[in-house]
1. Can L107 be described as in the same structural domain as H65 (by TED's automatic domain parsing), part of a strand (DSSP E or B), among the aliphatic types (A, V, I, L, M) and at pLDDT below 95?
2. If I go through the range 119-139 residue by residue, how many of them are crowded, with 19+ Cβ neighbours inside 10 Å and in a helix (DSSP H, G or I)?
3. Mind listing just one residue for me: the one in the range 183-193 that is within 19 Å of V128 (Cα to Cα) and not hydroxyl-bearing (S, T, Y) and, of those, modelled with the lowest pLDDT?
4. Tell me, which residue of the range 148-182 that is part of a strand (DSSP E or B) and among the hydroxyl-bearing types (S, T, Y) is farthest from V134 (Cα to Cα)?
5. Kindly provide the set of residues from the range 104-118 that are surrounded by fewer than 18 Cβ atoms within 10 Å (Cβ to Cβ) and either without any contact (Cβ under 8 Å) to a residue 24 or more places away in the chain or in contact with a strand residue (DSSP E or B) (Cβ under 8 Å, 6 or more places away or on another chain) (or both), ordered by number.
6. Need pairs with beta-carbon distance below 8 Å; first residue more than 19 Å from D125 (Cα to Cα) and in the same structural domain as K66 (by TED's automatic domain parsing) and within the range 77-90, second among the basic types (K, R) and in a helix (DSSP H, G or I); sequence gap 6+ or separate chains.
7. State yes or no: is V142 touching a Pro at 6+ places or on another chain (Cβ under 9 Å), closer than 23 Å to A63 by Cα and either touching a residue at least 40 places away in the same chain (Cβ under 8 Å) or surrounded by fewer than 14 Cβ atoms within 10 Å (Cβ to Cβ) (or both)?
Amino acid sequence: MVHNRLFTGIAVILLTALVIGVAVILLLSRSSSSSSATTSTPAPASPSPAVSPPEGEGGDTLAAHKEAIRRVIEDVFSDGDTSAIQTLYAADFVAHLPISQTDRPELSRADLSEVVHLLREAMPDLQVTPEIIVAEGDYVAVRATLRGTFASEFYDYPPTGLPVELSFTVIHRFDASGAIAEAWVTYDTLALRRALGESLE
């Protein structure tokens with residue numbers, strides 16, 4: 001958004017300079033035609049070409065946010081490094097979960113560490129693959145797929161020994177320090193319950 005405003009400002013400046021240049025040329029043309037002197041009027045200097053602004057702090061910040069999400073996916077979920085949660089997430093982090101039969105609509109940073117630990121125990125071969133990562137301002141949205149074999153108990157769900165695959169979307173909000181402060185999680189709750197072996201008949 002900052003880049004868009006900057007480009008718009010540059011375009012307005014260039015358009016204004018062009019209009020002024022045309023007006024000067026017209027005035028000089030009228031002056032030279034009415035004068036008896038035969039000397040030619042030198043053409044006004046053309047405006048200097050606009051220089052594209054270098055990528056600034058906005059681009060660097062977006063890149064840092066996307067790198068943080070990459071670490072969440074690879075280091076925390078796929079590799080099980082829950083210690084990275086303390087670095088990547090704010091102390092007052094909260095995740096909003098989709099509406100379901102659970103009595104746990106939100107997760108804190110400590111809750112997230114617990115969930116990752118239990119997931120890694122239930123699915124030792126757990127892997128999370130990012131498909132789309134989009135960053136804008138303080139937000140990063142990611143579409144990813146979780147895959148693993150349900151080999152051990154997960155909360156009240158007994159293991160099935162079957163593969164689990166679940167696609168989900170998370171929108172992350174970063175605070176001023178660059179930590180993940182809030183997240184909105186969306187996934188198919190019925191598909192998850194089926195994958196965990198629950199009969200929905």
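1. Yes: the conditions hold for L107.
2. 2
3. Restricting attention to the range 183-193, the residues satisfying the condition of being within 19 Å of V128 (Cα to Cα) are 183-189, 191-193.
Restricting the remaining residues to those that are not hydroxyl-bearing (S, T, Y) gives 183-185, 188, 191-193.
Values: A183: 98, W184: 97, V185: 94, D188: 84, A191: 81, L192: 81, R193: 78.
For the range 183-193, the residue satisfying everything is R193.
4. Once the filter is applied, the top-ranked residue is Y157.
5. R104, P105, E106, S108, A110, D111, E114, V115, L118
6. What qualifies is A84/R71; I85/R109; Q86/R109; L88/R71; Y89/R109; A90/R109.
7. Taking the combined requirement at face value, the residue satisfies it.
The values are calculated or read from the model by the stated rules, or taken from the named source; none is laboratory data. Here the structure is a predicted model, which is why all the values come from computation and not from measurement. Here Cβ is always computed from backbone atoms with ideal geometry, including for glycine, and neighbour counts include all displayed protein chains.
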